[in-house]
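Taking it in order: structure first as structure tokens, then the write-up.
The values are calculated or read from the model by the stated rules, or taken from the named source; none is laboratory data. Predicted, not measured: the structure shown is a model, and the values here were computed from it. Note that we place each Cβ from the backbone using ideal geometry, even for glycine, and neighbour counts take in every protein chain shown. We work out accessible area using only protein heavy atoms, side chains counted, and drop any ligands, DNA or RNA first. Shrake-Rupley method; radii C 1.70, N 1.55, O 1.52, S 1.80 Å.
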Amino acid sequence: MQIGVLTGGGDCAGLNAAIRAVVRTAGHELDRSVVGYRRGWNGVLDGDSVELDPDAVRGTLPRGGTMLGTSRSSRRLQTEGPAPLIAQLERDGVEALVTIGGDGTLITSHRLSEAGFPVVAVPKTIDNDVFGTDVCIGFDTALGVATEAVDRLHTTAQSHDRIMVLEVMGRETGHIAAGAGIAGGAAAILVPESPFNIDEIAERLIARHHRDRNASIIVVAEGAIPDGSVAVPDTGTDEWGNRVLDGMGQFVGDLLGQRTGFETRTTVLGYIQRGGPPSPSDRLLGSRLGARAVEVLMEGCTGHLVGVHSTEIALRPLGEVAGRTRYLTGDQLELLDLITTAPVLTRVTSSRRWF
């Protein structure tokens with residue numbers, strides 16, 4: 001069997017660990033090199049590939065990003081479907097494909113599988129919102145970066161008696177905001193799953209300051225939205241019709257400064273969350289999922305997502321996960337409220353799961 005591999009969508013830490021595991025497992029089990037496609041699906045369409053053997057992936061574990069490069073989905077795939085992908089894969093002698101990506105990559109992988117081409121998908125996204133897995137490659141590293149930012153903002157906020165607003169990534173889900181906000185002790189955490197009331201947050205901060213808590217951290221997911229109490233500026237849409245996420249942290253910071261009268265500063269973490277060396281957890285996760293993806297193909301099981309469920313590797317049919325989003329649960333949202341408003345944590349039970 002000749003296996004191909006690609007990374008699609010946004011980059012993140014841990015992708016090279018997964019690529020390395022695919023290559024090394026194929027070398028050990030199949031005694032074959034792997035065809036690596038540059039620039040995601042666009043690389044497949046253009047026949048832009050490179051041979052990957054164990055020497056080619058040596059030293060890649062601690063490197064961030066992806067050695068293959070990546071890109072968003074192609075317009076051509078929307079109009080022509082998977083046919084041009086299959087044609088090029090067959091020309092390259094590739095008999096099965098490992099795809100490493102998020103929602104868009106899973107949708108294309110599912111279409112490829114429905115057309116009869118063997119494919120197994122590996123979940124990656126710092127947003128951690130792929131349905132069918134408890135955790136995605138890249139999330140742990142991004143969460144660590146965001147949590148460190150909260151820790152650093154605490155010290156400067158306390159020095160100047162300020163409200164510090166930190167905007168983190170998260171278009172439709174608040175997994176990074178929730179994790180970093182809880183771990184860093186934020187006074188409020190704003191996530192897309194639960195529209196916020198800016199007046200209630202302002203009242204909470206004023207009450208904190210009356211208790212001599214003169215430094216407050218607010219963690220805002222970039223996709224957070226108000227509950228209608230204030231109008232959000234129109235930032236337009238991108239080429240795919242998605243709302244452009246631009247400035248929610250600054251928007252929240254300005255409103256809180258106006259309503260509380262406290263000095264307020266906003267920090268946008270941005271692409272720093274994507275970059276840099278992967279955490280040990282992401283290196284391990286990428287290695288586990290990449291190796292298992294090859295094993296699954298060898299077992300003749302295709303059309304599945306190789307994910308994690310309760311620390312164990314688990315398979316889910318692509319048809320059950322493609323196009324679906326894993327949001328914060330009701331229990332997780334309740335925990336956010338308890339953590340940021342309750343004076344003690346005795347109401348939080350050990351059965352609650354944060355991510």
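General observations
- Relative contact order (%) - criterion: Cα under 8 Å, at least six apart; region: segment 196-261: 43 percent
- Percent carbon-and-sulfur accessible area, segment 1-107, ignoring ligands, DNA and RNA, probe 1.4 Å: 43 percent
- Euclidean distance between Cα centres, segment 272-327 to segment 102-175, Å: 14 Å
- With at most 13 other Cβ atoms within 10 Å, longest stretch of the chain clear of loop GluC sites (Glu not before Pro) (DSSP): 1-238
- Prolate/oblate/rounded call for segment 1-44, Cα gyration tensor, a/c under 1.5 rounded: oblate
- Once C-alpha pairs closer than 8 Å and six or more residues apart are averaged by separation and normalised to the residue number of the chain, the relative contact order reads 23 percent.
- As a fraction of the 1.4 Å probe accessible area of segment 182-299, surface on carbon and sulfur atoms comes out at 48 percent.
- The chain: calculated mean residue ellipticity at 222 nm from DSSP helix runs of at least 4, using -39500 (n - 2.57): -12500 deg cm²/dmol
- Between the amide H of Leu166 and those of Ile218, Val219, Val220, Thr267, distances stay under 5 Å, these residues lying 5 or more places away or on another chain, with hydrogens modeled in the peptide plane.
- Accessible-area ranking of Thr173, Thr155, largest first, probe 1.4 Å: Thr155, Thr173
- Cut-off under 5 Å, modelled amide H: who pairs with Ile313 long-range: none
- What the chain shows is 43 Å² of accessible area per residue, with the surface traced by a 1.4 Å probe over protein heavy atoms.
- Theoretical gain in end-to-end length, Leu315 to Gln78 [0.36 nm per residue, Cα-Cα removed]: 82.6 nm
- Close amide H pairs (under 5 Å, H built 1.01 Å from N) link Ala96 with Gln2, Gly4, residues at least 5 positions away or on another chain.
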